[in-house]
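What follows draws every value from the coordinates through simple rules; no lab data is involved. Only a predicted model underlies this, so the values are computations on that prediction, with no experimental measurement involved. In this analysis, Cβ positions are derived from the backbone assuming ideal geometry, glycine residues included, and neighbour counts consider all displayed protein chains.
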Amino acid sequence: MNSIKEYIELIEKAVKASVPETKGHLEGISDMLFYSLESGGKRIRPLLCLEFASCCGGEAEKALDYAVAVEYIHTYSLVHDDLPCMDDDDYRRGKPSSHKKYGEANALLAGDALLTHAFDILASSALSAEQNIRAVKELSSLAGVNGMIGGQYIDLAYENRNADADVLFTMDALKTAALIEAACVLGCIAANADEGKISNARKFALNLGLAFQITDDILDFISEEKSSDEIKGKSTYTSIFGLEKAKEIAAEYTEKAISALEFFGENANEIRLIAEQLLNRNN
Ligand code: GRG
């Protein structure tokens with residue numbers, strides 16, 4: 001079993017190496033992709049992808065392309081989410097967001113390029129054609145209309161009206177948990193895991209994703225700066241349930257996620273650790 005630190009190092013190298021080379025008039029495009037891919041993200045999704053590959057008996061290194069592809073989708077979603085027509089955030093990870101640095105049209109293009117290249121990375125992976133096709137299918141569907149995009153649609157639809165707990169659940173399950181599910185499932189696929197393992201990875205990811213989003217809401221709530229959600233008066237777990245109850249709910253979902261790992265026995269020890277660390281994170 002590799003350590004989390006070693007996996008993160010592998011991911012950093014692979015992300016750097018994955019940016020398409022450009023020459024002459026096109027050089028600026030690669031700069032924009034690097035800018036958003038290399039701005040200090042936690043790499044949670046690619047880490048989970050490698051961890052699930054290893055936990056299912058595969059070699060984590062073989063899942064690297066899948067891990068990087070999921071990080072590309074995550075990065076595109078952040079670039080587009082920061083645009084003035086979406087959340088209108090000037091900063092991302094303490095640096096000017098892509099549209100602040102390169103202009104709105106270029107940021108839109110950079111997000112599109114990240115999204116498109118994610119599927120090139122999957123299709124070019126050295127794993128079998130069957131594995132790559134399954135990976136494309138899972139990632140496109142979990143990032144698509146019944147996944148992350150659907151979650152963002154609900155988020156926009158509730159900008160100016162109160163959401164109840166049921167709406168929040170569906171929104172977070174799609175907006176946040178679906179891509180985490182893609183990361184875990186693609187790790188399983190890279191290891192040729194059976195459907196029993198894949199189904200438990202999905203259960204883990206749904207619960208971890210919900211805990212992750214509620215923790216994100218809590219961190220926004222307790223941060224000194226007003227978040228764009230607060231400015232827009234969006235409903236979140238803290239606005240509906242209050243801070244203490246939101247913390248309890250996040251801990252409950254983390255426990256449920258950890259229970260789904262029982263199926264994998266001791267092989268999932270590092271994933272358990274990651275789930276606990278994500279609950280107690282401060283960024
Ligand atoms: C615009 C197509 C489109 C989708 C947007 C994912 C998303 C949907 C919006 C991004 C904003 C947001 C609150 C997403 C929820 C998931 C989340 C908490 C993202 C932040 O993930 P981290 O903490 O980010 O893993 P880092 O910076 O560590 O990479």
request  = Just tell me the longest site-free run in the chain, where the sites are trypsin sites (Lys or Arg not before Pro) in a DSSP loop having at most 14 other beta-carbon atoms within 10 Å.
outcome  = 94-160
key: Under Karplus coefficients 6.51, -1.76 and 1.60, residue-wise ³J(HN,Hα) of segment 82-93 in Hz, glycine/proline x   = 6, 4, x, 7, 10, 7, 6, 9, 7, 10, 9, 6
note = Under the 7 Å Cα-to-Cβ spin-label approximation, L156 and K5 lie apart by a distance in nanometres of 4.3
ask   = Any idea what the relative contact order of the chain is, in percent, if you count C-alpha pairs under 8 Å spaced at least 6 apart?
value = 19
request  = May I ask you to derive the relative contact order of segment 23-165, considering only C-alpha pairs under 8 Å and at least 6 residues apart, and to give it as an integer percent?
outcome  = 22
Ordering of 104-113, 182-191 by burial proxy (mean other Cβ atoms within 10 Å per residue, highest first) = 182-191, 104-113
